[in-house]
Structure formats: C-alpha cells, structure tokens
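Right, one structure below, let's go through it.
The values are calculated or read from the model by the stated rules, or taken from the named source; none is laboratory data. Please read these numbers as outputs of a predicted model, since none were measured by experiment. Heavy atoms of the whole protein, side chains included, go into the accessibility calculation; ligands, DNA and RNA do not. Shrake-Rupley method; radii C 1.70, N 1.55, O 1.52, S 1.80 Å.
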Amino acid sequence: MADNNLRIVVEKNPSESKLSELNIKCWPKWGCSPGKYQLKFDAEETCYLLKGKVRVYPKGSTEFVEFGAGDLVTIPKGLSCTWDVSVAVDKHYKFESSSPPPSSS
C-alpha cells in the first residue's frame, strides 16, 4: 500500500528570483543516464533539473509523478521509489537534514 503522506511536490518553471533565493547554483550537481533506478530517500531532497525527464513510481503504487528540465522538485524523507529516467538527468540538489551534521572533534 502506498503511503500518501510521502508526496513528491513539483513546481514547474520556478522564477529566477526563487532560484537565486535558494542559491541553487551553489548546490552540488548529480546526473544519471537513462534507465531504472531503485532509490530510498533518507532525507528530504530538493532538486532543480537542468535537463532530463523522469517518471517516479513510489513503491507499492502504479501511479507516477513526472518531471523534467526546469522543474523544482521536493522529494519527501522516507520515500522508496523507482526512477524511470527516459532522458539523461543533470540536476542540482540539496538534502534537508533534521539533525545537525556530524561534527569532527
């Protein structure tokens, strides 16, 4: 059974001012080639797709969420899903951490 609390939020074509407010260009980058990937999100991820096209199938669901280049996407912590990448992805991403980062002492 799908957990409906774990919703992926897609914002189509966010404004330049929002992107610059989020400081997206300073976020790390990640990419992948077309294919299917099993992913589990241990932290909430916000990402901005520079290119690509993805259908995300939450585990236990036949429904999918589709997003691509120009979309700002928030993926909830705890989501297990399959990414079906039809066009190679290039994205900036940031993980939200509810706990402070590990300190080195």
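A few notes on this one:
- With the whole protein complex present, residue 41 retains an accessible surface near 10 Å², based on a 1.4 Å probe.
- You can think of it this way: the chain between residue 10 and residue 62 has 16.9 nm of extra reach, that is 0.36 nm per residue less the Cα-Cα gap.
- Near residue 71, the amide H atoms lying under 5 Å from its own belong to 13, 49; only residues 5 or more places off or on other chains count, and H is placed 1.01 Å from N.
- Against the set [x] 41, 28, 24; [y] 38, 30, 20; [z] 42, 33, 24, the structure's computed Cα extents along the principal axes in Å falls on [z].
- Phi-based couplings in Hz for segment 20-31 (Karplus 6.51, -1.76, 1.60; Gly and Pro marked x): 6, 5, 6, 6, 4, 5, 8, 6, x, 10, 8, x
- Built amide H within the under 5 Å cut-off of residue 44, gap 5+: 77, 96
- Using the Karplus relation 6.51 cos²θ - 1.76 cosθ + 1.60 with θ = phi - 60°, the per-residue 3J(HN,Hα) values for segment 58-71 come to x, 4, x, 10, 9, 7, 9, 10, 10, 8, x, 3, x, 9 Hz, with x marking Gly and Pro.
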